[in-house]
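Structure, as structure tokens:
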Amino acid sequence: MTVLKTAVDPGTAEYAANREAMLGKLAELDTEQAKAVAGGGEKYVTRHHQRGKLLARERIELLVDPGAPFLEFSPLAAWGSEFPVGASVVTGIGVVNGVECVINASDPTVRGGASNPWTLRKTLRAGEIAIQNRLPVIGLVESGGADLPTQKEIFIPGGQIFRDLTRKSAAGIPTIALVFGNSTAGGAYIPGMSDYVVMVKERAKVFLAGPPLVKMATGEESDDESLGGAEMHARKSGLADYLALDERDAIRIGREIVGRLNWRKQGPAPKPDPAPPIHDAEDLLGIIPTDLKTPFDPREVIARIVDASDFDEFKPLYGSSLVTGWAMLHGYPVGILANARGVLFSEEAQKAAQFIQLANRADTPLIFLQNTTGYMVGKEYEQAGIIKHGALMINAVSNSTVPHLTVTMGASYGAGNYGMCGRAYDPRFLFTWPNAKSAVMGPAQLAGVLSIVARQAAEGRGQVYDEDADAKMREYVEAQIEAESLAAFLSGRLYDDGIIDPRDTRTVLGIALSAIHTAPVEGATGYGVFRL
Amino acid sequence: MITRVLVANRGEIARRVFRTCRDLGIATVAVYSDADADSSHVGEADSAVRLPGNAPADTYLRADLLIDAAQRAGADAVHPGYGFLAENAAFARAVIEAGLVWIGPPPDAIEAMGSKIESKVLMAAAGVPVLDDLPPDTVAAADLPVIVKASAGGGGRGMRIVRELADLPREIELAGAEAAAAFGDPTVFCEPYLATGHHIEVQVMADAHGTVWTVGERECSIQRRHQKVVEEAPSPLVERIDGMRAHLFDAARAATKAIAYTGAGTVEFLADDDGRFFFLEMNTRLQVEHPVTECTTGLDLVAIQLDVAEGGRLGGESPATQGHSIEVRLYAEDPAQGWAPQSGTLHRVDLPGVTFTTAATPSGIRVDSGARNGSVVGIHYDPMLAKVISWAPTRAQAARMLAGTLERATIHGLTTNRDLLVNVLRHRAFLAGDTDTAFFDRHGLDVLAAPLADEQAERLSALAATLAGDANDRVHARVLGGIPSGWRNVVSQPQRVDLDGPRGPHAITYRQTREGLRADGFDGVGLVSVAPTEVVLDDRGVRRAFTVARYGSESYVDSALGAVRFTVLDRFPNPADHVPPGSLLAPMPGSVVRIAAAVGDVVAAGQPILWLEAMKMQHQINAPTAGVIAELPVRAGQQVDVGAVLVVITRDAPEGDTRELH
């Protein structure tokens, strides 16, 4: 047991400036998230309420246990796209009758809850979380189907939604659909592929084709209720297992269904009564520098997220630009890899590869705290085999089978993003701090590289290089790359599971770890060939 | 020598007698009905005998079973307590004939006082002042108001006040029916009704050798439905009026001697503000309110009863009294709802600062109770939970102590008259000694039955109940219990809990934020600490602690601001609990005695539909609105629980649209 000490002084001007800057970013985040919460806006929200219906988030609040947390995923999905922030669906992990479930609620106030390409990606990501962590799935269904103008991006890949539902069922992961309204055409297969279906009386409408299409197809005269009403499905077709009197009743039934699942978590239970960190999470705002170029000691972060601020560092004297060590978080044992001075050298890469193997041997989940500018470049390092050593680390990360959690605390550039378990390396969850940036390289570097290449090309052609145009190009590229490196932009593209307040890191990781332990936690038995 | 006493009674009085028996080295025998099998008096006795059944007529009123029980358990004496067979001469005789010692007055003396009509004649002859007797058929308008009483009655049963001559026949009929049910004798009589009288009574102790003690007087003027609620010694009225005590004691002694009384008895008088008094009746037994006499005299009246029963002598003069003692009867009843008796489980009862001694200590709090944590208060017997008695050098001190004790008492599970009692004890008129039988009418139940917790206290208590419930949910959460309550990374709405409180519904909407508690409508209220059973709030700079207990959906919040009970509403109404509109629900548990309407009848608003008997009182259930009786799912004689549907009334004719009745 090693309780971390802190060198943070909340009285410094630097601390105050950092804090103020981070609070500014958090306020921006609030503003963006508020757009998702506002759904389709006041007019559609009012209309929805006037119809006696609950909003997507109201349904979720009723569905989850009182006082239990709800960790929403990808609230900024579609940010920066032509579609509304939030992508007309709410997904997340909530506790329903004591069981952690993935909840997927369409937001009918946003264009009738129609799916656009971002809705699809967000929904598929939630489904992936459910499968990887063996979490029961509850769909709160009320969607007008596909956003037809973008059908080319939805129709073919969208089939995965139905495929995954039944694959979950086959894997023993329960799927429950509470149908509050429209769930027609392709959407009808959501209840169709679910283990349990609840339909709200006089509200649910589930059919392959509505009256106009039926009339066109066969000439038959019909109406909504006889084609796909809740009563019909409960009494005749058998598609509805439960007929709910109203929305609240549907949610009540949904909770009871979960209560009867006899659900057991397959991972080890956490140690009871974990002690909170000794150091105050509030300090995280003052610790994180406004400028990503300024490194910070990740132990100050670890001291504010792990139980009792207790962290046993592994190999502290070797490869000191990467901190590795063991801790408990909300009662779960974890191994932590955290960048200390941005750059990864050969020693850091080798240390990481060893540490990852040790965690796999001990069936211990890993947390990656990213703040990396990438692997070291330069003659000396290339000749010393930095590629080989970076590959060692990426090999270990890729083939590790204990669950990974990634938090982008600051920079996540270059192959450092890969070695530190970026999105492509399938961490079970990936969250980002509002100040974080991620790109192949820094904007200035990238613009500089383009400039050098262009200058060389011009010189090669014997032309005079246009310095004015170069300055403009660099400015433009720098601005574009900067904008595309920002947390909101990346979150909007589903490259993380959400931007979080740094002070919430412990809570978010705690929820994630508990979710992870719903599935078995087992270390890897084999890796790719290590190029030693 | 008496060696083993059977107490032919239950609850607190059985425990009271057992206590003295234990002190004296006498063994004890309890009897119990089926409903009382787990009662405290049963566990406390050396042995106990079952009386099969529950109704008093099958159990505590069965003289044969009681005597058989005494013989089987080897008792050599029987103490009747009060109520049940305590004033039943036939039972006293049967006990004596069975060769057992009867711890009570001679059967002839019981008989002499058993009929109120005859006892008044006897007392008048002995020179005791009495009120005129009005034979029911001679009552004229000039005699009004009159009170109709059961000749064999007591405890307010069978009593009716009549202010309109036209009401007299019906009231006599109802009083007779109640009297017959309660005492087996339907005889009633009328007396002039003194609306503002004082109820003054004299405790007498008499031995078989001619000595009669007058052991101080008691005033029991504060009554509801002719049942005493607050009793005290000495009487403020008697203290106020020169020479009244001597006259009272003379009259009590004369009454006692006139019937050759022995043991403990109480001569009751009705007095006016000028100190004139009239004989009401003599209770030939130990009274419920005897503790105030014990507390002001230091006597153990039960010990004296035992001594007299063994032929002992009362030595010397009547004992002197000192200080002041007040007793209140803590009932499971709702004063604000027509004193409706409550039944159910008393989850927890804790009266703090309790001592029990009759030694002449300067002050103390005594609790005589048959109820304990988990006791079930049923519909078969009196809903009195406890008698709480204070004694102190002065009346004001005794009242303050008693009010403080009651206010701090923990009472969970049943609505009680606790707040009413505290309000009475703190009322200016009470403290001025201005008490008479019209106390509740004069000062109004709207004031006296008002909850101790004011509106703001109730709101804070609702918040405390919510936060404690929330903390409890976290502690018992199967997963993620360590995550802050209601945590959201994206906040869309507050947490919400709906509670029903005494003053109406409360919707508590709140969030636990990084900056602390944010509860809508609670500006300036902060959360200092929260645990499942205790919440400390900072209310604009004043720290207030709330203790919270939960039993199912009920939440009890105790604090110095006054106790408040809430029902935490389920987020999801159970469709099975759906009650048809127009349903009339039983306001209290009881049995249906009579039904005056049938399905299909057109009824007017206020028209009597049926009568419910609970706690020996008949309650008339009227139609709440005009309409047609669509359903009448009860029958005469049926036992119903509180909340049971008695009748469903629709506004429309039955052949009309009845969709709302699904």
Subset of region A:257-270 [more than 9 Å from chain B (Cβ to nearest Cβ) and surrounded by 15 or more Cβ atoms within 10 Å (Cβ to Cβ)]: A:257, A:258, A:261, A:263, A:267
Breaking point among (1) under 26 Å from residue A:524 (Cα atoms); (2) modelled with pLDDT under 95, for residue A:342: (1)
Failed item, numbered, when residue A:252 is tested on (1) touching a residue at least 24 places away in the same chain (Cβ under 8 Å); (2) within 10 Å of chain B (Cβ to nearest Cβ); (3) among the charged types (D, E, K, R): (1)
Breaking point among (1) in a helix (DSSP H, G or I); (2) within 14 Å of chain B (Cβ to nearest Cβ); (3) surrounded by 20 or more Cβ atoms within 10 Å (Cβ to Cβ), for residue A:305: (1)
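Can you tell which of A:494, A:513, A:509 is within 30 Å of residue A:23 (Cβ to Cβ) and more than 14 Å from chain B (Cβ to nearest Cβ)?
Residue meeting the stated conditions: A:494.
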Residue A:464 in contact (Cβ under 8 Å) with a residue 12 or more places away in the chain and either surrounded by fewer than 19 Cβ atoms within 10 Å (Cβ to Cβ) or within 14 Å of chain B (Cβ to nearest Cβ) (or both): no
Subset of region A:75-93 [more than 10 Å from chain B (Cβ to nearest Cβ) and either aromatic (Phe, Trp, Tyr) or touching a residue at least 24 places away in the same chain (Cβ under 8 Å) (or both)]: A:77, A:78, A:79, A:80, A:81, A:83, A:84, A:85, A:87, A:88, A:89, A:91
Out of B:177, B:208, sole residue that is in the same structural domain as residue B:442 (by TED's automatic domain parsing) and either surrounded by fewer than 21 Cβ atoms within 10 Å (Cβ to Cβ) or assigned to a strand (DSSP E or B) (or both): B:208
Sole residue being buried (at least 20 other Cβ atoms within 10 Å of the Cβ), part of a loop (DSSP other than H, G, I, E, B) and among the hydroxyl-bearing types (Ser, Thr, Tyr), chosen from A:6, A:109: A:109
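Scanning for something assigned to a strand (DSSP E or B) and touching a His at 6+ places or on another chain (Cβ under 6 Å), does region B:269-276 turn up at least one residue?
Scanning region B:269-276, I find at least one residue that is assigned to a strand (DSSP E or B) and touching a His at 6+ places or on another chain (Cβ under 6 Å), so the answer is yes.
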Scan of region A:240-249 for residues that are more than 10 Å from chain B (Cβ to nearest Cβ) and of a type in the set (Asp, Glu), ordered by number: A:241, A:247
All positions within region B:497-515 that are at the interface with chain A (Cβ under 8 Å from one of its Cβ atoms) and surrounded by fewer than 23 Cβ atoms within 10 Å (Cβ to Cβ): B:514
Subset of region A:15-34 [among the small types (Gly, Ala, Ser) and more than 11 Å from every other protein chain (Cβ to nearest Cβ)]: A:16, A:17, A:21, A:24, A:27
Any chance residue A:504 is assigned to a helix (DSSP H, G or I) and either under 25 Å from residue A:425 (Cβ atoms) or within 14 Å of chain B (Cβ to nearest Cβ) (or both): yes
Index of the failed condition, residue A:231 passing every other in (1) away from chain B (no Cβ under 11 Å); (2) assigned to a loop (DSSP other than H, G, I, E, B); (3) under 25 Å from residue A:60 (Cα atoms); (4) not hydrophobic (A, V, I, L, M, F, W, C): (2)
Residue within region A:74-82 that is of a type in the set (S, T, N, Q), in a loop (DSSP other than H, G, I, E, B) and within 16 Å of residue A:33 (Cα to Cα) present: yes
Test: residue in region A:447-457 that is in a helix (DSSP H, G or I), within 31 Å of the chain's Cα centre (by Cα) and touching a residue at least 24 places away in the same chain (Cβ under 8 Å): yes
Hits in region B:40-63 (condition: of a type in the set (S, T, N, Q), free of Cβ contacts under 8 Å to residues at least 40 places away in the same chain and in contact with a Ser or Thr (Cβ under 6 Å, 6 or more places away or on another chain)): B:59
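Hey, any hits in region B:447-459 for a residue that's of a type in the set (Lys, Arg) and in contact with a strand residue (DSSP E or B) (Cβ under 8 Å, 6 or more places away or on another chain)? Please lay out each step first, then the result.
Here is the first cut: in region B:447-459, the residues of a type in the set (Lys, Arg) are B:459.
Those still in the list that are in contact with a strand residue (DSSP E or B) (Cβ under 8 Å, 6 or more places away or on another chain) too: B:459.
Checking region B:447-459: at least one residue is of a type in the set (Lys, Arg) and in contact with a strand residue (DSSP E or B) (Cβ under 8 Å, 6 or more places away or on another chain).
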Test set (1) in a loop (DSSP other than H, G, I, E, B); (2) without any contact (Cβ under 8 Å) to a residue 40 or more places away in the chain - residue A:279 fails condition number: (2)
Residue A:72 touching a helix residue (DSSP H, G or I) at 6+ places or on another chain (Cβ under 9 Å), surrounded by 24 or more Cβ atoms within 10 Å (Cβ to Cβ), at the interface with another protein chain (Cβ under 10 Å from one of its Cβ atoms) and among the acidic types (Asp, Glu): yes
Selection from region A:346-380 of residues that are more than 24 Å from residue A:269 (Cα to Cα) and of a type in the set (Val, Ile, Thr): A:372, A:373, A:377
Evaluation of residue B:250 against (1) modelled with pLDDT of 95 or more; (2) of a type outside the set (Val, Ile, Thr); (3) under 30 Å from residue B:334 (Cβ atoms); (4) out of contact with any Cys (no Cβ under 8 Å at 6 or more places or on another chain) (one fails), failing number: (3)
So residue B:474, is it without any contact (Cβ under 8 Å) to a residue 24 or more places away in the chain and basic (Lys, Arg): yes
Failed item, numbered, when residue A:400 is tested on (1) crowded, with 18+ Cβ neighbours inside 10 Å; (2) touching a Ser or Thr at 6+ places or on another chain (Cβ under 9 Å); (3) polar (S, T, N, Q): (2)
Of the criteria (1) within 19 Å of residue A:125 (Cα to Cα); (2) modelled with pLDDT under 95; (3) touching a strand residue (DSSP E or B) at 6+ places or on another chain (Cβ under 6 Å); (4) among the charged types (D, E, K, R), which one residue A:224 fails: (1)
Subset of region A:330-352 [among the hydroxyl-bearing types (Ser, Thr, Tyr) and within 14 Å of chain B (Cβ to nearest Cβ)]: A:332
Long-range neighbours under 7 Å by Cβ, at least six apart or interchain, first residue within 8 Å of residue A:447 (Cβ to Cβ) within region A:471-487, second surrounded by fewer than 15 Cβ atoms within 10 Å (Cβ to Cβ) and modelled with pLDDT under 90: A:478/A:444
Selection count where residues are without any contact (Cβ under 8 Å) to a residue 12 or more places away in the chain and within 27 Å of residue B:573 (Cβ to Cβ), scope region B:506-541: 1
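The values are calculated or read from the model by the stated rules, or taken from the named source; none is laboratory data. Here the structure is a predicted model, which is why all the values come from computation and not from measurement. No Cβ is skipped: glycine too gets one built from the backbone with ideal geometry, and neighbour counts run over all protein chains shown.
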